[in-house]
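Have a look at the structure below before the remarks.
Bear in mind that the values in this text are calculations on the coordinates, not laboratory data. Quick caveat, the model's predicted, so the values are computed rather than measured. Cβ placement follows ideal geometry from the backbone for every residue including glycine, while neighbour counts extend to all protein chains displayed.
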Amino acid sequence: MPYMDTVIHEIQRYIDLIPNTLSLSVTQNIQFRGYHIPKGTEILPSLTSVLYDEKEFPNPEKFDPGHFLDASGNFKKSDYFMPFSTGKRACVGEGLALMELVLILTTILQHFTLKPLVDPKAIDPTPVDNGFISVPPSYEISCALFPFKENN
Ligand code: HEM
C-alpha cells in the first residue's frame, strides 16, 4: 500500500490535471520575490510550476514514483504535491477524490493484469487538450483476470 500511495501521487503530479487554478484576487498589498502585487490584482496561480519544479522533482518530465520515495524506499511527503491547489480555495473534494483513486485503482490491480496492446514506448502521453483541464490521450489496454496466463 505505501508504494501504491507513491504511484498515485506520481500519477497526479505527472498528469497535472488542472494546470492553473481559477483566477483569484489578492486581498492586500503583497511583496513576493521582489514583485509588488497591489491589493485587488487578479492572479492565476500555476500548479504546473510547482508539480514540475525540477529541484523538488528531478527530471520532472519523467514519470517516476521515486519522486515520492526517500533513500530507504519509504513514501516521502512533499509540500510541492498540490494537484488539489492550496490555501483557502483548495479542492474541498480532496479527501473523497484520494479515497476513490486508492480504492478503485487498487481493486483493479488486485483483480486484473493490464497490458498495453502496443509497446509502451510507442504510447505518447502528451495531453490532447490543455485548457482548464489537461486531458490525457486515450489508448487501449487488454485486461485479464489475475493471474494473467499467456496463450502460447
Ligand atoms: C482528482 C480529482 C480532483 C482534482 C485534481 C481536483 C482539483 C481541484 C483544484 C485544483 C481546485 C482549485 C481550483 C481553484 O483554485 O480555482 C478544486 C476546487 C474544487 N473542487 Fe476539486 N478536484 C478533484 C476532485 C473533486 C471532487 C471529487 C469534488 C467533490 C466531490 C471536488 C470539488 C471541488 C470544489 C467544490 C472546489 C471549489 C472549492 C472552492 O473554490 O472553494 N473536487 N479542485
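Values as computed for the structure displayed
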read-out: Structure-based [θ]222 nm, the chain - -39500 (n - 2.57) summed over DSSP H runs of at least 4, per residue, nearest 500; value: -7500 deg cm²/dmol
read-out: Most to least packed among 84-92, 65-73 [average Cβ atoms within 10 Å]; value: 65-73, 84-92
read-out: Spatially proximal aspartates and glutamates relative to residue 115 (Cα-Cα < 12 Å; intrachain offsets below 8 disregarded); value: 140, 150
read-out: Fewest-first sequence of 33, 13 by Cβ atoms within 10 Å of each Cβ; value: 33, 13
read-out: Anchor residue 88: aspartates and glutamates whose Cα lies under 17 Å away (excluding residues fewer than 8 positions away in-chain); value: 42, 79
read-out: Length added when fully stretched, residue 42-residue 71, from 0.36 nm per residue minus Cα-Cα; value: 6.3 nm
read-out: Hits among aspartates and glutamates - C-alpha to C-alpha of residue 62 under 17 Å, sequence gap 8 or more where chains match; value: 10, 16, 53, 54, 124
read-out: Extension gain from residue 101 to residue 53, taking 0.36 nm per residue of separation minus the Cα-Cα distance; value: 14.9 nm
read-out: Dipole in debye (nearest 20) - the chain, about Cα centre, beta carbon charges: Lys, Arg +1; Asp, Glu -1; value: 380 debye
read-out: Leading residue at positive end of dipole, the range 29-152 (Cβ point charges), from 90, 105, 57; value: 90
read-out: Histogram of C-alpha separations across the range 2-110, 10 Å bin width, %; value: 13, 38, 31, 14, 4, 0
read-out: Positive-end extreme of charge dipole, the chain - chosen from 137, 14, 78 (charges on Cβ); value: 78
read-out: Contour excess over end-to-end distance, with Cα ends at residue 24 and residue 126 and 0.36 nm allotted per residue; value: 33.9 nm
